[in-house]
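Report on the following structure.
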């Protein structure tokens with residue numbers, strides 16, 4: 001490895017550490033205005049939201065607001081993800097059907113909650129977002145999520 005490659009790797013690690021600190025700060029702040037169970041808190045902490053948004057949105061990844069993911073779609077604000085997960089009462093081993101995969105972030109949070117014995121099926125109608133979600137989930141190591149290209153307005157069978 002040449003010194004330039006080494007600097008690039010060091011910078012990447014430094015950025016990941018910064019994003020991790022930002023993620024912890026977001027979760028701490030969310031806890032001041034959204035009632036959050038510990039298992040949801042831990043799930044949000046484990047999922048790197050910045051890796052589920054386009055590069056131009058990464059600096060804003062840990063703000064509590066929706067962010068553009070292209071095609072007129074957004075990634076949900078973190079407080080909404082918390083509320084959705086809380087209402088779903090997800091547990092280890094559950095199977096989940098999500099309509100609207102977007103970037104795959106919400107599916108990743110749910111996958112953390114259902115564990116490896118559970119599975120998340122997420123349907124997305126926009127092919128570019130299907131590919132974006134699949135790539136994001138692959139790059140973050142999620143194996144218990146299936147991204148399906150289709151119109152989920154009538155469910156999925």
Condition check for residue 108: out of contact with any strand residue (DSSP E or B) (no Cβ under 6 Å at 6 or more places or on another chain) and not in a strand (DSSP E or B) | yes
Is it fair to say residue 31 is more than 26 Å from residue 128 (Cβ to Cβ) and touching a helix residue (DSSP H, G or I) at 6+ places or on another chain (Cβ under 8 Å)?
-> yes
Please work out if residue 32 is surrounded by fewer than 16 Cβ atoms within 10 Å (Cβ to Cβ) and either assigned to a strand (DSSP E or B) or without any contact (Cβ under 8 Å) to a residue 12 or more places away in the chain (or both).
-> yes
Return the total of residues in the range 65-74 being in a loop (DSSP other than H, G, I, E, B) and over 15 Å from residue 106 (Cα atoms).
-> 2
Does residue 62 satisfy the condition of being loosely packed, with under 12 Cβ neighbours inside 10 Å and either under 13 Å from the mean Cα position of the chain (by Cα) or not in a helix (DSSP H, G or I) (or both)?
-> no
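If you go through the range 71-80 one residue at a time, do you hit one that is surrounded by fewer than 15 Cβ atoms within 10 Å (Cβ to Cβ) and at positive phi?
yes
Could you run through the range 40-57 and say how many residues are in contact (Cβ under 8 Å) with a residue 24 or more places away in the chain and in a helix (DSSP H, G or I)?
Residues flagged as in contact (Cβ under 8 Å) with a residue 24 or more places away in the chain and in a helix (DSSP H, G or I) within the range 40-57 amount to 9.
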Determine which member of the set 129, 97, 137 is in a strand (DSSP E or B) and at pLDDT 95 or above.
-> 97
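Looking for whichever is surrounded by 21 or more Cβ atoms within 10 Å (Cβ to Cβ) and within 27 Å of residue 151 (Cα to Cα) here; the options are 96, 47. Which one fits?
47
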Residue 102 versus (1) modelled with pLDDT of 95 or more; (2) at negative phi: which is the lone unmet condition?
-> (2)
Six or more apart or on different chains, Cβ under 8 Å: which pairs go from a residue in the range 108-124 that's without any contact (Cβ under 8 Å) to a residue 24 or more places away in the chain and at positive phi to one that's crowded, with 20+ Cβ neighbours inside 10 Å and assigned to a loop (DSSP other than H, G, I, E, B)? Could you list them?
-> none
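The values are calculated or read from the model by the stated rules, or taken from the named source; none is laboratory data. What you see is a predicted model, and the numbers here were worked out from it, not measured in a lab. All Cβ positions, glycine included, derive from the backbone under ideal geometry; neighbour counts span all protein chains shown.
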